Amino acid sequence: QVQLVESGGGLVQPGGSLRLSCAASGSIFRLAAMGWYRQRPGKQRELVAGITSGTITNYADSVKGRFTISRDNAKNTVYLQMNSLKPEDTAVYYCNSRLDGVTYWGKGTLVTVSS
């Protein structure tokens, strides 16, 4: 069983930055592909960014050039650095772990971009 705990959400003005963190339990973190998803009001959950165990990354077109996903295997933590935030980035952000066909989700952290 893997537990994922997100942190770092909050209220930020347009153009601002936030860094989300996702702390994972378990010794197999370094083998898992990790991802950040978000669910905007009235929308389906969508992939924001992903990173493989080999640190290959991918991003949604809407966040390319603004968001950066990274991982620290020594700390069992994956990060999402979000810059140049826009009101449309307002959402609950979820951490996701995938390994050998098994997927785990965190409970999410709310990011609100508003002036």
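The values are calculated or read from the model by the stated rules, or taken from the named source; none is laboratory data. None of these values were measured; they are calculated from a predicted model. For neighbour counting, all protein chains shown are included, and Cβ atoms are generated from backbone atoms with ideal geometry for every residue, glycine included. SASA here: full protein model, heavy atoms, side chains in, ligands and nucleic acids out. Shrake-Rupley method; radii C 1.70, N 1.55, O 1.52, S 1.80 Å.
Rundown of residues vs (1) modelled with pLDDT under 95; (2) in contact with a Cys (Cβ under 9 Å, 6 or more places away or on another chain); (3) open to solvent by less than 20 Å² (accessible area, probe 1.4 Å); (4) not charged (D, E, K, R), yes/no style:
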{"site": "5", "(1), (2), (3), (4)": "no, yes, no, yes"}
{"site": "35", "(1), (2), (3), (4)": "no, yes, yes, yes"}
{"site": "42", "(1), (2), (3), (4)": "yes, no, no, yes"}
{"site": "73", "(1), (2), (3), (4)": "yes, no, no, yes"}
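Selection of first residues in region 7-27 that are farther than 17 Å from residue 38 by Cβ and in contact (Cβ under 8 Å) with a residue 24 or more places away in the chain and of second residues that are open to solvent by 40 Å² or more (accessible area, probe 1.4 Å) and in a strand (DSSP E or B), restricted to Cβ pairs under 6 Å at least 6 apart or on distinct chains, gives the following pairs, ordered by first then second residue: 23/5.
Scanning region 79-98 for residues that are more than 24 Å from residue 13 (Cα to Cα) and open to solvent by less than 40 Å² (accessible area, probe 1.4 Å) returns 96, 97.
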